[in-house]
1. Taking the stretch 407-445 as the search range and keeping residues that are aromatic (Phe, Trp, Tyr) and crowded, with 20+ Cβ neighbours inside 10 Å, which one is farthest from residue 318 (Cα to Cα)?
2. Tell me which residues, restricted to the stretch 213-224, are surrounded by 15 or more Cβ atoms within 10 Å (Cβ to Cβ) and assigned to a loop (DSSP other than H, G, I, E, B).
3. If you check 259, 282, which single one turns out to be within 11 Å of the ligand (Cβ to nearest atom), among the β-branched types (Val, Ile, Thr) and not in a helix (DSSP H, G or I)?
4. On the given criteria, is residue 354 in a loop (DSSP other than H, G, I, E, B), within 26 Å of residue 457 (Cβ to Cβ) and assigned by TED's automatic domain parsing to the domain that holds residue 452?
5. Restricting the search to the stretch 1-59, which residues are touching a residue at least 12 places away in the same chain (Cβ under 8 Å), out of contact with any Gly (no Cβ under 9 Å at 6 or more places or on another chain) and of a type in the set (Ser, Thr, Tyr)?
6. Residues of the stretch 215-235 being farther than 23 Å from residue 377 by Cβ and free of Cβ contacts under 8 Å to residues at least 12 places away in the same chain, which ones?
7. Being of a type in the set (Lys, Arg) and near the ligand (Cβ under 8 Å from one of its atoms) is the filter here; which residues of the stretch 298-315 pass it?
8. State which residue is surrounded by the fewest Cβ atoms within 10 Å (Cβ to Cβ) when the search covers only the stretch 225-256 and only residues that are of a type in the set (A, V, I, L, M, F, W, C), in a loop (DSSP other than H, G, I, E, B) and away from the ligand (no atom under 12 Å from the Cβ).
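The values are calculated or read from the model by the stated rules, or taken from the named source; none is laboratory data. The shown structure was predicted, so the numbers you read here are calculated from the model rather than taken from an experiment. Here the Cβ positions follow ideal geometry from the backbone for every residue, glycine too, while neighbour counts run over all protein chains shown.
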Amino acid sequence: MSETLRFVDEDPRVRRLNAAKARSKSEGGEHVVYWCQMQRRPKDNAALAYAIEEANRLGVPCVVYEAIRPDYPYASDRLHAFVLEGIADMRAGLEARGVGYAFFLPRNKSDSRGVLKKLAARAALIVTDDYPTFVVATHLEKAAEIVDCALVAVDDCAVLPMALFPHEEYAARTIRPKVLRAQAEWLRPLHEPKVKLAAKARLEWPFDPLPANADLAALLASCTIDHDVTPVTDEFPGGAKAAHARLSGFVRRKLSGYIVDRNEPSRDGTSHLSPYLHWGMISARAVALAVDEAGRDDGVREQADSFLEQLLVRRGVAFNFARHNPQHTAYAGIPDWAKKTLAEHAHDERPELVTFDAMERAETPDPLWNAAQRELLRRGIIQNYPRMLWGKIPMLWSSPEEAHRRVTVLNDKYALDGRDPDGYTNIAWCFGKHDRPWPERAIYGKVRTMTSRSAMSKLDFDDYLAQR
Ligand SMILES: Cc1cc2nc3c(=O)[nH]c(=O)nc-3n(C[C@H](O)[C@H](O)[C@H](O)COP(=O)(O)OP(=O)(O)OC[C@H]3O[C@@H](n4cnc5c(N)ncnc54)[C@H](O)[C@@H]3O)c2cc1C
């Protein structure tokens, strides 16, 4: 096994989305386009590496097309700002590698019409990111129908390719042994191919590329998106550099206390890398390698393994659920036993009925839930333990179907890391997915119960409540 991760024939990361063959130079293929949808980083990016290798093989340059549309569900200043802040790192990193780069910011829906088709007309091949959920999964299907050049999706979502697990896994415990067996093969640094033919400094694009150093506030104001969901970039600046700085800070300061602190709301003991992982500003591989390396120090192994369990196994089973279960974003995606028991308790008396608006404004009868919701509104994240309570408690205030819908909407709308397999899977977990039946209780039936009262008796929420 070589030290770095290289592409092989029939590589499980590579999925051909149409039957077209790559166009040679003589057939009009001017460059290989990497259409960057999810893995927004200029290095350690398998789709980009594949695009560069194909460009080298075809004797053409590689160029990167990155965009963020204004018309996807929940597009807001918060999400746009995070992505736009990452452009400088993309530009600098790609130009240093000899890869052409342009960012397209359509201001409204009609601006973006036809761009991909025009890019395809001059491309030898388009390489893009494989991703199993939200708008990207649909973009991939639609793109395969409209482009007339070869279209390939490369999976760099988790450390292990999704294709290694061809069926829906029942639970973390069923995927864990498979992950552990394959881990050594996949947990290696990516081979970074060198560009043979650098892209021209000035390229022609079928849109106006965003100039360097454009004013962020003016850009946000010019887009038809939700301006009420405001940026959180003071605490979470977007971009690959910020992602790597957060990783090293976590490894240096927090990893050694991870097992206990990750569940201590007042200690904020997790990495908060999920926004960066979601937007691809850092690879799961880079995070896992850094933590694994730190785990070689005395006394940190157990902490590192506990972190890797989350990153490799829990995240792995989440991507597996999203890839194989078309209902993963919906209540219909929870297991039959959970649907049955929740239906049996659907008419149990609720302590109070709470509206969606009251939830969104963090004005429910539960102070702890409100604190978690305020954290989501202000920081764009919720810490690990309060997030589980935040997902479970709404079943007390409405039907379980409605509770599932509300939690999904709030998570997707406000969380920097929302709209992600981890989010949909963990919301489903709150309703019994990847879990087992527990002793039967009112309202929750056999679905695991979590209440603010029992959480507060076990854990210290004083600082958490005071800070929110
Ligand atoms: C109701 C609810 C909604 C959630 N929504 C999201 C979401 O939208 N996006 C999201 O990324 N996570 C979500 N999670 C899962 C989990 O809470 C977060 O992944 C984790 O808290 C992110 O914080 P961190 O990066 O500091 O995690 P760390 O503890 O530092 O873990 C590092 C990484 O491991 C992975 N990870 C950790 N815990 C889990 C888990 N339980 N399941 C899957 N992967 C995990 C994540 O990629 C995370 O970034 C949700 C959980 C619940 C209960």
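1. Restricting to residues being aromatic (Phe, Trp, Tyr) and crowded, with 20+ Cβ neighbours inside 10 Å, the top hit is 444.
2. 223
3. Answer to the check: 282.
4. Yes: the conditions hold for residue 354.
5. Listed by number, the residues that qualify are 2, 4, 34, 50.
6. Correct list: 215, 218.
7. Listed by number, the residues that qualify are 314, 315.
8. It comes out as 229.
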